[in-house]
1. Please give the charge dipole size of chain B, origin at the Cα centre, charges +1 on K and R Cβ atoms and -1 on D and E Cβ atoms. Round to the nearest 20 debye.
2. What are the trypsin sites (Lys or Arg not before Pro) within the stretch A:27-94 that DSSP puts in a loop, where the Cβ has at most 13 other Cβ atoms within 10 Å?
3. Would you mind computing, in nm to one decimal, how far apart the modelled labels at B:Glu62 and B:Glu103 are, each placed 7 Å from Cα along Cα→Cβ?
4. Assuming R0 = 35 Å, can you tell me the calculated FRET efficiency for the pair B:Val12 and A:Glu35, based on Cβ-Cβ distance, to the nearest 0.05?
5. For the stretch B:83-96, what does the Karplus curve 6.51 cos²θ - 1.76 cosθ + 1.60, with θ = phi - 60°, yield as ³J(HN,Hα) per residue in whole Hz, taken in order and with x for Gly and Pro?
6. Run the quick spin-label model on B:Ser140 and A:Ala28: label points 7 Å from Cα toward the beta carbon, then report their separation in nm to one decimal.
7. Looking at the stretch B:91-143, which trypsin sites (Lys or Arg not before Pro) are DSSP coil and have at most 15 other C-beta atoms within 10 Å of their C-beta?
8. Select from B:Thr132, A:Ala23, B:Ala24 the residue farthest towards the positive end of the dipole of the protein assembly as shown; place +1 on Cβ of Lys and Arg, -1 on Cβ of Asp and Glu, and compute about the Cα centre.
Amino acid sequence: MRDAPPDSLTRLNVVYLARLREAFGVAAEPLQLPEGGSTVAQVLAQLRARGGTWAAELAPGRAVRVAVNHAMATPATPVRGGDELALFPPVTGG
Amino acid sequence: MPVRVQTADFDVSHEIAALRAGDARVGAVASFIGTVRDVNDAAAVSTMTLEHYPGMTEKALEAIVSEARARFDVYDALVVHRVGELAPTDQIVLVVVTGAHREAAFDACRFLMDYLKTRAPFWKKERTPDGTRWVEARASDDEAAARWQAAGAGDTAP
């Protein structure tokens, strides 16, 4: 029997910022990844599948920015266990 | 340290003095200070709360400063950005650039602000008589940043 990999190898840390954190009522959560890794687009689809606010806020066409490990990402950016994926609205600093 | 994110206020004179201390090459210092307005989008603003993404925000600001230093003939640059709850008239952001001549210093200062507005992870939430609301990103900020993309290194203001 093969040992199960530790959680850090199969889980993504998802961080929600600003309006999205308030809309979802959560600042961060671990997210189980499918075996073989995933992409930003797949993670977004996984979150949208929860329905309700998740589907509404992350609907295609909504302005949602994604960063993986603190670098701006695109839908095709790969994600692996242990990565930090952040979702946030367009920035409004300055 | 070319970038800082902090809740505390900043002293512009002190920051400028520290940035150019002992550097006799400097003949131009350009600075920009962003402050909290009491009106935004036709609503009275009583407080503004700024949020950032610790870790990524500092990295993004450092990348913007590096790009400005590579693109313009300047010596040094500083960005200080506040987070937390602020009130009208409070200082939000400071950008300072030192160089030999004013043209590059002005251009780099404007470039830094234009890029910061669209690329640095900060979010503003305003309290108005109708409650709190997150500030929406402006298309005019994207356009201001995009103007620099056509301009190559050494180019002047767009």
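1. Using Cβ point charges on Lys, Arg, Asp and Glu, chain B gives about 140 debye.
2. A:Arg50, A:Arg62
3. That separation, rounded to one decimal, is 3.3 nm.
4. Efficiency for this residue pair is about 0.05.
5. Taking θ as phi minus 60°, the curve returns 10, x, 8, 10, 10, x, 6, 5, 7, 10, 9, 10, 10, 10 Hz for the stretch B:83-96.
6. Going from the B:Ser140 label point to the A:Ala28 one covers 3.7 nm.
7. B:Arg138
8. A:Ala23
Each reported figure results from applying straightforward, stated rules to the coordinates on display, with no laboratory input. Note that the structure is a prediction, hence the values are computed from the model and not measured. All Cβ positions, even for glycine, are placed from backbone atoms using ideal geometry, and neighbour counts span all protein chains on display.
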